[in-house]
Amino acid sequence: MGACSVSLGACALDNTQVDYGPLDGPGLRETPPRSGLLYGAAVEASQLGEDAALAGAVARECAILVPEGALKWRALRPASDRFDFRGGDAIVRFASLHGQRVRGHTLVRHQALPDWFAASAGSGNASSLLAAHIETVCGHYAGQLQAWDVVNEVVDPRAAHGLRETPWWRLLGAGYIGTAFRTARAADPAAVLFLNDYGLEADGHAADAKRGLVLTLLRRLLDAGVPVQGLGLQSHLVVGDRFDSLIGFLEQVRGLGLRVAVTELDVSDVPVPGQPVSARDAAVATTYATFLQKVLAVPGLVREVLTWGLTDATTWLRSYRPRPDGLPTRPLPLDEALARKPAWAAIRTSLARADARYMIPSPRKQA
Ligand code: 9MR
């Protein structure tokens, strides 16, 4: 949260007049037609199957989808000896029907593990359990996914060694990260393999520490020949965040030869007073625009921008980070009735500007 939360009245973020352009016209998937920059969102298979209006909006707005939960262990592994691909398959089918790409999320994470995991996984079988999972899941979708979040949320500034002490870390040690990438590469030679994490975008000491750890980890993996190809910036932002440190970090990631994706973008409106809603929406839109302008400033580095959901109706923030005043938070480009919000216009304008920038060839050096 930045200084704007203290005195919103004097702050540009409270400017209800912000205007990022009209809310009509084609969907966000049509906005950056030249550079290949893609907009998309996280979806659940159940939403696409049961809510025709939402499915229509997803088809209209998104060039790329990511399953919010369907490819996590908890959904895929009802029992230690069974895989359930129904949710993931439904999303891949929907995407194929609508000419959309799909990212895979996520092969290794400390959360969303099935209930049987704790009792069944031990140091004797963890290695084969992880390998079999990645081989089976990556193999099932090989050729159909544009990218995989191979490992998710693995750095932790609170740990002396900088890595999150996940069940995998406890059972296998730090080497599990490299093993996961290598196994994914072998099972799906085409998908772009990402390390995906949060808390890397805004200014401040906490993010500085995390950025440092991520760079150290990426360098270590690359030095060891691990096939990591990209960094996913989850980008769970809060109104008032500032992003002046971001470009320097992105340049360093680019210097490692990696690409970057914005994988889970949303903007919490918790710091903004509940009423009027228009002021909240304007502040959220401004944070989207400020962030996208920075993260898309390095031409060609980011090729995908995905929000974590498309509509406020389905956002994880309503249950995980509710507003203290009890009003429903409004962090996404569409409202509950699937109407476009100022955040939608901010995304469209930001992508269009980046599209133009991405297309400008770098000036040739004068002889
Ligand atoms: O949005 C997701 C929520 O519905 C799930 O219950 C939760 C647990 O798996 O995961 C949420 O998604 C997270 C994502 O997988 C990784 N980055 C943080 C996301 C928000 O918590």
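Just so you know, all these numbers are worked out from the coordinates, no wet-lab data involved. Everything numeric in this text was worked out from a predicted model, so none of it was measured. Note that we place each Cβ from the backbone using ideal geometry, even for glycine, and neighbour counts take in every protein chain shown.
Tabulated data
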| read-out | value |
| --- | --- |
| Two-site label geometry, H161 and E30: point separation in nm, points 7 Å out along Cα→Cβ | 5.3 |
| From the C-alpha gyration tensor of the stretch 226-357, square roots of 5λ in Å | 27, 15, 13 |
| Distant-in-sequence amide H partners of V192 (H built 1.01 Å from N, under 5 Å) | A147, W148 |
| Point-charge dipole on Cβ atoms (K/R +1, D/E -1) for the chain, about Cα centre, debye to 20 | 1000 |
| Relative contact order %, the chain, counting alpha carbon pairs below 8 Å whose residues are six or more apart | 20 |
| Whole-Å distance, taken between Cα centres, linking the stretch 42-66 and the stretch 172-223 | 29 |
| Translational diffusion coefficient (Stokes-Einstein; Kirkwood radius from C-alpha pairs) of the stretch 26-150 at 20 °C, 1.002 mPa s, in µm²/s | 138 |
| Semi-axes of the equivalent ellipsoid for the stretch 109-224, Cα gyration tensor, largest first, Å | 24, 19, 13 |
| Cα-based Kirkwood hydrodynamic radius, the chain, one decimal, Å | 21.1 |
| Sequence of T287, T311 once ranked by neighbouring C-beta atoms within 10 Å, starting from the fewest | T311, T287 |
| Under-5 Å amide H pairs with L306, H placed in peptide plane, nonlocal only | G40, V262, T263, E264, L265 |
| Choice from A41, A159, A282 with maximal GNM fluctuation in the chain (Cα, 10 Å cutoff) | A159 |
| Kyte-Doolittle at least -0.5, axis length at least 24 Å by Cα - qualifying DSSP helices, the chain | 205-223, 277-295, 342-359 |
| Among 247-254, 20-27, the order from most to least packed when residues are scored by Cβ within 10 Å on average | 247-254, 20-27 |
